[in-house]
1. About the Cα centre of the protein assembly as shown, how large is the charge dipole given +1 on each Lys and Arg Cβ and -1 on each Asp and Glu Cβ? Please answer in debye to the nearest 20.
2. Which one of B:L10, B:H106, B:Q73 has its Cα pushed farthest toward the positive end of the charge dipole of the stretch B:1-156, where Lys and Arg give +1 and Asp and Glu give -1 at the Cβ?
3. Put the label 7 Å from Cα along Cα→Cβ for B:A129; what are its distances to the other copies, in nanometres, shortest first?
4. Using R₀ = 60 Å, calculate the FRET efficiency as 1/(1 + (r/R₀)^6) where r is the Cβ-Cβ separation of A:D383 and B:T255; round to 0.05.
5. Expressed as a rounded percentage, what relative contact order does chain A have, with Cα pairs under 8 Å and six or more residues apart?
6. Angle check, please: helix B:117-135 long axis (alpha carbons) against the longest principal axis of chain B (alpha carbons), in degrees 0 to 90, nearest 10.
7. For the stretch B:204-358, build the charge dipole from Cβ charges (+1 Lys, Arg; -1 Asp, Glu) around the Cα centre, then report which of B:G263, B:A338, B:V205 sits farthest towards its positive end.
8. Return the distance in nm (one decimal) between the two label points of a simple spin-label model at B:D167 and B:R134, each offset 7 Å from Cα along Cα→Cβ.
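The values are calculated or read from the model by the stated rules, or taken from the named source; none is laboratory data. All of these numbers come straight from a predicted model, not from anything done at the bench. Neighbour counts are summed over all protein chains in view; Cβ atoms, including those assigned to glycine, are modelled from backbone coordinates with ideal geometry. The accessibility values were calculated without ligands, DNA or RNA, using every heavy atom of the protein model including side chains. Shrake-Rupley method; radii C 1.70, N 1.55, O 1.52, S 1.80 Å.
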Protein chains: 2
Amino acid sequence: MNGATTSGELRAHNRVRLLRAVHDGGATRTRAQLTRDLGLARGTASVLVAGLAEDALLHEEPAPEHTRGRPTQVARPHPDGPLALAVDVREDAWELAACELGGDAHVLEVRPHDGTPRGALGPLGEALAEQTRRHGHRVVGVGVALAGPVRLGGLVDVAHLGWRSVDVPRLLDLPAPVPGGAPIVGNDTAFAALAEARRGLLRGVRVGLHLHVDFDLGGVLVVDGRPLDGANGTGAEFGHMPLGGGGRPCACGATGCWGMDVGANALLRQAGLAYGGGQGREQAARVLEAGGPPLAAAARALGRGIAALVNAHDPEVVTLSGLGVDVLAAGRAALLEAYGPGLMAIRRDRPPRVEPSALGWRGALLGAMESVFDAFLTPEGLDRWRLSRA
Amino acid sequence: MNGATTSGELRAHNRVRLLRAVHDGGATRTRAQLTRDLGLARGTASVLVAGLAEDALLHEEPAPEHTRGRPTQVARPHPDGPLALAVDVREDAWELAACELGGDAHVLEVRPHDGTPRGALGPLGEALAEQTRRHGHRVVGVGVALAGPVRLGGLVDVAHLGWRSVDVPRLLDLPAPVPGGAPIVGNDTAFAALAEARRGLLRGVRVGLHLHVDFDLGGVLVVDGRPLDGANGTGAEFGHMPLGGGGRPCACGATGCWGMDVGANALLRQAGLAYGGGQGREQAARVLEAGGPPLAAAARALGRGIAALVNAHDPEVVTLSGLGVDVLAAGRAALLEAYGPGLMAIRRDRPPRVEPSALGWRGALLGAMESVFDAFLTPEGLDRWRLSRA
DNA sequence: GGCTTTTGTTCACGGCTAGAGCATAAACTG
DNA sequence: CAGTTTATGCTCTAGCCGTGAACAAAAGCC
C-alpha cells in the first residue's frame, strides 16, 4: 500500500484504491459513496470507473434504493471478472471455494481425506486444475490454508499429522502457473486473522490479537489490518511459547508450550481420553459440552495466556476463532478468572475485550481469498489482468 | 508513509521522500545518489532540492571525494535547519541532546536526579524551555524516553521508582507549545528499538526483535522499520510475560514476569544483595563481571525467553541493548544453552542471530530523536515549518 | 408540471514528472 | 597542456493527471 511518486503511477494507484474500496465494502457501495469516501472529484471517479468497467473488473448496476436526486449505481463484480480460488485444508477434510471481488465465496467442493500429504493434496490439485481450466484467465490466484507453520516457498509442517517439510505447491502440481503465479500457501491462523481484520471484529483496529483454536492453538498479532507473518512466513505460532508453566515436551520440539493446554487435544487429555493424530474432533466437542474440570482447565490456560500477550502487546481487542468460540461461550467465567490477575495493574482498568470471531469456522477460507486479492489489488496485479485479457 | 492521491500531493510527497532519504542516510549522500535511489529524473531532483534549500531544510556542499565526471554535491543539514530536542530519562539521571537532520546528536547536558517525578522533570523542563528560547522556531519537537510504560497522552508508570500515572508533559511545563506540538513521550525500549531499526542492526529488516535490558527488561517487535507500540502506546512490555516459570509477584501486578529474572535487579537478587528502587547499577555491573551463578541464571532466563519469542514471531534477528550487551558478552554460552532447546524444531536449522546493539546505551536517545523527525518528515510537518519561517 | 436535490459527464486549467538536449566541471589520455 | 571522456546539473517541452465548474440527467417532492 505504498504511494505513487510519479504522475503516471497516480492513475494506477487510484484504480487500485477504488477497486479495493469496492472489494472491502463487499461490492455493495454506490459510486457516489465511493467517490466521497476516497475523496475523489466526481470527474475522476467517472474516468476510473469507466476504465475498470471496460477492463471487466467491475460492472455497474442501478442501486436498489433511492432517496432523492439522480439515482446512483452500485459497483458489482463483473460477470467475467477475476476469481480467487480459496482452500481450507483441515486435518480431516478440505473445502474449496471460488470467490468474486467483493468477497462472495461459492463453495465448490468439500472432501474428506486420509491425513497423508498425497491423499489430501493430490485430489485437491486435480480439483484446482479443473477449476482453472473451466474459468481460464478469470482465475487470478489460488490461496491454500493449512493447519501448521508454512515456511516461505510453501514447506509445511503439521506436527500431529506427521507432515515434515511437505512441499505443498509441488504436491498440488498445478499444470500451468495461473496468472497470479504460484499458489499462496499460508497458515490457517494467519488467514483467519486476515479475514477477521478485513471482514470481522478486527476491522479498523490498529493493534489486535487473534487466536485460532483447533486441535492446537495458533495466534497472531494484527497490525493495521495485516497479520504479522514473520521473517520466514511462520509467525503465527503464539501457541508455542511456554506460557503454561508445565514442562511437558511438545510435538514441536520445545517444552511447556501453551498450545498443549488449550485446544481439542488438551480437552481430550484432561478428560483421560486418547488424543493426537488429528483425531477426535467430536469427542472433544462432547468434553467441552460436558463442562467440568477439563473445560475449566482449558479456559483458565487460555485466559492466563491471553493476559500475558495483552501485557506484552497492548492490543485493542482479542478475538477467538475455531474451537475458541465454544471455549469462550462455555467457560467464560474460568477464562476471566485467570485473565484479570495475569494482567499488569495498569491494564486492569480497561482490559481489552475478548470476543468470539464473527466469521466462525469460515475465517481461514476467507483469509485465503483475501491473500489472493491482496496480491491482485496492486498496480502490478491489475496490469497482469489487463494483459491476460488482451 | 502513505501515498499521494492527487497530483497536488505528489510534490509534497516527493519532498518528504527526498528529505527522509537525506536523514536516513545520515546527511552524507550525494545528490546524484539520492536521485538514483529514489528513481527520480534529474530535472525533478533539481527542482526538489532547490525548494528544500530555499526553505532552509538542507544545504548543499561540494562532495569531498570525486571519481570522474562533474562533481556532485552532498545534501547536508542547513545551519538554520530544524532541530529535534531528545532526552533520555533514566532512573538516576537524564541526558539532553539537540539533533540535526541526518541524525547528528550534540549532547547539551547530563544531570543526575533524585528519582522523584518533580526532581527529575522540573529541571528538565527548564532546560528544554531554555533551549527552545535559544533556538526559536528551529526546534521542531521534543522527544522524551522514559523507563516505563507510557500511555497515550504521556502518563508514565515506573514501578520500581514508585511513579504512578505521572503526567510527564504537565510536569515538564513547557511554556509555549513548540511548533511540533506537545512533547513526544515514549518508552525507552521502544525508542531504542526505533533507533536500532533506523541506524542499527535492524535496518532493512522486515521482522526483528529488540530487547532492552536495564534494571528491568523491555522488548518489542520491529516490523518494517517500525516498533509496534500497541493500542495505547504501551506495547513494548515483553518483560511482563510469565516466561520465567516462577510464581513470584512482580511490581507490575502480575506474577512470574520474565523481566524479574533478567535485568540488573535479577543479578542483585541472585547475588543476595538488596535490589529495587532504581539503585545499584554499579553493584550489578560488578556481579556481572564476577560471572558465576547469578550471571548464568540471568543469561539462561534471557535465552529461554528469546526462544519463546522467536517461536511465536519468527524474527530475522534479535538485538540486545543496555545491559543485555554485557550479559551477552559475558554469558553467551549459558544463553545459547537455553536458547536452542527452547526453539521449535523447525527453527533450529537457521535460528535467528542474537546480536548486541550497534548503538550501545545511546539507543533510547536516538530513538527519541527519530520519533520527532518521524512527525516532522511528513507533508504536514514540512508545511508547518514553512509557515513558522514566514 | 415545475422545483429541488443528487449524481454523472464534459472540458478547460494548473500542476507534476519524464526525458531529451545542452551546459558544466572535473578526471583521464597522450 | 589540450583534447577526450564521463558524470552531473539545468532548462524546456510534452504528456498525463486530478480539480472544479458548468451542464445534463434522473429521480422525488409539492
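1. 920 debye
2. B:L10
3. Here B:A129 shows inter-copy label distances of 7.9 nm.
4. Details: r = 55 Å, r/R0 = 0.92.
Given R0 = 60 Å and the Cβ-Cβ separation, E is 0.60.
5. Values: 775 pairs, mean separation 61.3, N = 390.
Reported as a whole number, the value is 16 percent.
6. Long axis of B:117-135 versus the principal axis of chain B: about 10 degrees.
7. Value: B:A338.
8. 2.9 nm
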